Amino acid sequence: MRTEQPKVIHLKDYQAPEYLIDETHLTFELYEDRTLVHARLALRRNLERDQSLPPLVLHGQELELLALALDGRQLGPKEYQLDENQLSLQPDSPAFSLETTVCIHPESNTALEGLYKSGKMFCTQCEAEGFRKITYYLDRPDVMSVFTTTVKADKKRYPILLSNGNPVASGTEGDDRHWATWNDPFKKPAYLFALVAGDLKSVEDSFTTMNDREVALRIYVEPENIDKCQHALDSLKRSMRWDEQVYGREYDLDIFMIVAVSDFNMGAMENKGLNIFNSGAVLARAETATDAAHQRVEAIVAHEYFHNWSGNRVTCRDWFQLSLKEGFTVFRDAGFSADMNSATVKRIEDVAYLRTHQFAEDAGPMAHPIRPDSFIEISNFYTLTIYEKGSEVVGMLRTLLGAEGFRQGTDLYFARHDGQAVTCDDFVKAMEEANQVDLTQFKRWYSQAGTPHLAVSEHFDAGARTYSLTFHQSCPPTPGQKHKEPFVIPIALGLLDQNGQELPLRLQGEQTVGSSSRVLSVTQAKQTFTFAGMTHKPLPSLLRGFSAPVKLEFPYERDQLMFLMQHDSDGFNRWEAGQRLAVQALHDLIAQYHCNETLVIDQRLLTALRSLLENDSLDQAMVAEMLSLPSEAYLAEISETADVEAIHVAREFARKAIAQTLFEPLWQRYQANREVSRSTPYVAHAEHFARRALQNIALAYLMLSEKAEVLAACLEQFEQADNMTERLTALVVLVHSPFEEEKATALAWFAERFANDPLVMDQWFGVQAGCPLPGGLERVQHLMQHPAFTIKNPNKVRALIGAFANQNHVNFHRRDGAGYRFLADQVIMLNALNPQIASRQLSPLTRWRKFDQARQVLMKGELERILASGELSSDVYEVVSKSLA
Ligand code: PHE
Ligand code: ZN
């Protein structure tokens, strides 16, 4: 907890460490009521600074110091200083050894940072600054050390003892205890340290690397989960191969381990050789995990594995550089997922997520550049901006440099910085030098926050046969940044003729006719590009593949959007045209609602969707994506002031209109696909995902008809499905339906059937928390009393409280403010238990500027109540105070 005014840490104050730690020897003695940690550190003066011998200042929090020795000599109380956050002492030579013994209490650690217990097992989470809760240390990523770790524990309770690197020795101690020693030959920062002790089972496999080295692969889980590891194991092997083929990166240790834990603040953690995963990010099998969950597991396994190079071998100099590893690694995992599944669908999902959530963050009080200038609590900066926008920035580099140039850049980056802790500038410099380009202006993406607006206008000159596009870029102010300089915005585009053919593109002044899709680089506030040889006015397909994270405005007519939906050669832009058409149709409805008019939907949207449904040759996953209306959250994000009720009513009206008008083709598609599902065993592959995606969105629409034959089909799917994808969809649509009896029966049956599977119960909570029918808050409050719920488990908090506040707009934003009050109460409770989770749950309240006056007052009132509620963690304090500023 915070006791003094929290300190703001600035990038500009960065200083290299005074001392380095060459070797770190740790011994853990694990007991039920305490843990003893002995550390022996080989320290030396960092000579890159100078020859002086300043005091050694080690980080340490919540540690009870039992012994301290310098070069083998015990220090008396006058020979060191101790406060809540650090231990200081004066060395008398430039190289020395320091030994400490501390006592810590993992058994009562509810923050899930440092060493803690998840169920019966011990595990660690050290990123970003958790290692200082384990022992006194230079807990900063630019101090890299070789770790040797011995773990001692009760033999029966903790037969498995793991740490980073390779196992080097083990043995027993008396009758009840045993020990194991691990050595990690690669020097690493403390945030990559990990330890696990528990009664675990493992699945094993092996992988032969590109240079014929054999690597043992192991996934450790609690015994009841042993049948849910295969998908992650297969994903791991595919990731290892892909990183060799696409980035030339080979794995480096003899063993790679993943451990699944139930209580985990984030998705997973890339500790060297010993990744620790939220069980929800690794366990998956047909009966218990949806297709989306399978894809998420594949992506996260890949993400953490890819960190071995982008993060571990080459790490961050300081936490302001977080996007160096996270943005790049998200970009890498997105490339992997695109190659394993449908690339277009993956891109659509990522862009929809970015535009809904990251754009909202970039427009809110916590907006920050992908390389922030300052922070109070680094845990608050594991954001969509650092991750998702960071990935977009890397993607823009690839778009500008081309696939080959980009690969040369990454090769140079890895070769030059292997074993180092570096900065975003170092990454960009490698790209510049490998490609002989100047990226000075491009680097504004690293330093400026906010989502750029790009307004595009066109001009056709029939006489001169030219077609011009003029780009106006601007970027709204964000906290601490009033004025923005122009960005480098890569615009991938094509021009279509009246038949939907792509025109060859030649800019005025160019000699040769180019290809039909190309990338323009917009670098000025206002910039015009003129294409020559245009006999007719073309239709532009702009920002193909979403080539830059901007808000693009172009005055498309609805007929033009329908045309693009059919003819654009870029799959992403076909979807995008459909989304734009849907947004326009929804905006009509919202306006009608405001004027108290009868709602009438634009028939063109229905026509466009019908032709998709009736075309059997289209990719079913694409059809499913295109049938999905923009979410309420996205509609709110793109509104100046979000009218919660109007958005909900308009969208539900549109859904009903689609269901009614397209009942026949939807019913046909549903029945055909369900028939295949019935007769085919579950497979976690792209075509099967596609079939079930279309089947399930069709079912969701069909249920809006409230017809008896649809209800029967839904119940059949719920009862008979052999997989969670179909079963859960059936449950969701039942829960959203007015069929009270069937709903109650299904919920009860499901809860009984899966009572012993916490991850499935999370889904059960989530379905109910997200239900927009009236009474949502009361349902959630009631569910918090359910025996399977506990506020101490982050997955449960996310499934119930998070799903309610983030996905159930009508209920969370109810006019009387009860939703806000509920969330604030939970945040206050969580603040004391788990500050990171508390601070994350806050984010819907930070968006108060988006809403009407009455709601703003209520939301701010709750933020003020949190601020006044007593001792706040630095995590919660930072988010609340910045939101109210
Ligand atoms: N570094 C982890 C990842 O993105 C995320 C993480 C951060 C996990 C902090 C735990 C704590 O792969
Ligand atoms: Zn990561």
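Could you list, in sequence order, the residues of the range 249-303 that are acidic (Asp, Glu), more than 13 Å from ligand 2 (Cβ to nearest atom) and under 18 Å from the mean Cα position of the chain (by Cα)?
Matches in the range 249-303: Asp263, Asp291, Glu298.
Any residue at all in the range 26-37 that is surrounded by fewer than 13 Cβ atoms within 10 Å (Cβ to Cβ), outside the structural domain of Asp318 (by TED's automatic domain parsing) and within 28 Å of His178 (Cα to Cα)?
The answer is yes; a qualifying residue exists.
Just to be sure before I move on: is Arg692 among the basic types (Lys, Arg) and within 30 Å of Asp339 (Cα to Cα) in the structure I sent? Before you say what the answer is, go through the steps one by one.
Numbers: among the basic types (Lys, Arg): yes; within 30 Å of Asp339 (Cα to Cα): yes.
Yes: the conditions hold for Arg692.
What are the pairs with Cβ atoms under 9 angstrom where one residue, in the range 545-557, is over 18 Å from Ser517 (Cα atoms) and modelled with pLDDT of 95 or more and the other, located anywhere, is surrounded by fewer than 19 Cβ atoms within 10 Å (Cβ to Cβ) and polar (S, T, N, Q)? Sequence gap at least six, or different chains.
Phe554/Ser457; Pro555/Ser457; Tyr556/Gln584
Mind checking whether some residue in the range 504-523 is in contact with an Asp or Glu (Cβ under 9 Å, 6 or more places away or on another chain), at pLDDT 95 or above and surrounded by 13 or more Cβ atoms within 10 Å (Cβ to Cβ)?
So far as the range 504-523 goes, no, none of its residues is in contact with an Asp or Glu (Cβ under 9 Å, 6 or more places away or on another chain), at pLDDT 95 or above and surrounded by 13 or more Cβ atoms within 10 Å (Cβ to Cβ).
Within the range 157-184, restricting attention to residues that are touching a residue at least 40 places away in the same chain (Cβ under 8 Å) and part of a loop (DSSP other than H, G, I, E, B), which residue is surrounded by the most Cβ atoms within 10 Å (Cβ to Cβ)?
The selected residue is Asn164.
How about the range 717-741: which of its residues are part of a helix (DSSP H, G or I) and surrounded by fewer than 16 Cβ atoms within 10 Å (Cβ to Cβ)?
Residues satisfying the conditions are Glu719, Gln720, Glu740, Glu741.
Answer with yes or no whether Arg132 is within 30 Å of Thr790 (Cβ to Cβ) and surrounded by fewer than 22 Cβ atoms within 10 Å (Cβ to Cβ).
So Arg132 fails the test.
Report every pair of residues separated by at least 6 positions or lying on different chains whose Cβ atoms are under 7 Å apart, first residue within the range 107-132 and over 20 Å from Leu200 (Cα atoms), second of a type in the set (D, E, K, R).
That search, which allows pairs on different chains as well, returns Thr110/Lys792; Glu113/Lys133; Gly114/Lys133; Glu129/Asp139; Gly130/Glu113; Phe131/Asp139; Arg132/Asp139.
When you go through Asp318, Asp362 one by one, which is the residue that is out of contact with any helix residue (DSSP H, G or I) (no Cβ under 6 Å at 6 or more places or on another chain), within 16 Å of ligand 1 (Cβ to nearest atom) and closer than 23 Å to Ala449 by Cβ? Quick ask: steps written out before the conclusion?
Values: Asp362 fails: within 16 Å of ligand 1 (Cβ to nearest atom).
One residue alone meets the criteria, Asp318.
Only one residue in Ser521, Ser547, Ser515 is more than 32 Å from the chain's Cα centre (by Cα), in the same structural domain as Thr440 (by TED's automatic domain parsing), hydroxyl-bearing (Ser, Thr, Tyr) and over 17 Å from Thr466 (Cβ atoms), so which one is that?
Sole residue among the options that is more than 32 Å from the chain's Cα centre (by Cα), in the same structural domain as Thr440 (by TED's automatic domain parsing), hydroxyl-bearing (Ser, Thr, Tyr) and over 17 Å from Thr466 (Cβ atoms): Ser515.
Which of the residues spanning the range 356-379 are in contact with an Asp or Glu (Cβ under 6 Å, 6 or more places away or on another chain) and within 16 Å of ligand 2 (Cβ to nearest atom)?
Residues of the range 356-379 in contact with an Asp or Glu (Cβ under 6 Å, 6 or more places away or on another chain): 356, 358-360, 376-377, 379.
Gln358, Ser379 - these are the residues of the range 356-379 that are in contact with an Asp or Glu (Cβ under 6 Å, 6 or more places away or on another chain) and within 16 Å of ligand 2 (Cβ to nearest atom).
Of all the residues that make up the range 244-301, how many are touching a residue at least 60 places away in the same chain (Cβ under 8 Å), away from ligand 1 (no atom under 15 Å from the Cβ), assigned to a helix (DSSP H, G or I) and of a type in the set (D, E, K, R)?
Count: 1.
Residue-by-condition table, conditions (1) in contact with a strand residue (DSSP E or B) (Cβ under 7 Å, 6 or more places away or on another chain); (2) aliphatic (A, V, I, L, M); (3) surrounded by fewer than 22 Cβ atoms within 10 Å (Cβ to Cβ); (4) without any contact (Cβ under 8 Å) to a residue 12 or more places away in the chain:
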{"site": "Ile348", "(1), (2), (3), (4)": "no, yes, no, no"}
{"site": "Ala352", "(1), (2), (3), (4)": "no, yes, yes, no"}
{"site": "Gln358", "(1), (2), (3), (4)": "no, no, no, no"}
{"site": "Gly395", "(1), (2), (3), (4)": "no, no, no, no"}
{"site": "Asp411", "(1), (2), (3), (4)": "no, no, yes, no"}
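If you go through the range 321-330 one residue at a time, do you hit one that is of a type in the set (Lys, Arg), in the same structural domain as Arg416 (by TED's automatic domain parsing), in contact (Cβ under 8 Å) with a residue 60 or more places away in the chain and within 16 Å of ligand 2 (Cβ to nearest atom)?
So far as the range 321-330 goes, no, none of its residues is of a type in the set (Lys, Arg), in the same structural domain as Arg416 (by TED's automatic domain parsing), in contact (Cβ under 8 Å) with a residue 60 or more places away in the chain and within 16 Å of ligand 2 (Cβ to nearest atom).
Among the listed residues Thr440, Thr451, which satisfies the condition of being under 21 Å from Pro549 (Cβ atoms) and without any contact (Cβ under 8 Å) to a residue 40 or more places away in the chain?
Thr440
Scan the range 73-93 residue by residue and report those that are under 18 Å from Glu18 (Cβ atoms) and either among the small types (Gly, Ala, Ser) or not assigned by TED's automatic domain parsing to the domain that holds Lys133 (or both).
Selection gives Ser88, Ser93.
One line per residue, one yes/no per condition, for (1) closer than 24 Å to Glu361 by Cβ; (2) among the β-branched types (Val, Ile, Thr); (3) within 27 Å of the chain's Cα centre (by Cα):
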| residue | (1), (2), (3) |
| --- | --- |
| Phe427 | yes, no, yes |
| Ala430 | no, no, yes |
| Tyr446 | yes, no, yes |
| Thr466 | no, yes, no |
| Pro476 | yes, no, yes |
| Pro479 | yes, no, yes |
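The values are calculated or read from the model by the stated rules, or taken from the named source; none is laboratory data. Note that the structure is a prediction, hence the values are computed from the model and not measured. As a convention, Cβ positions derive from the backbone with ideal geometry for all residues, glycine included, and neighbour counts pool all protein chains shown.
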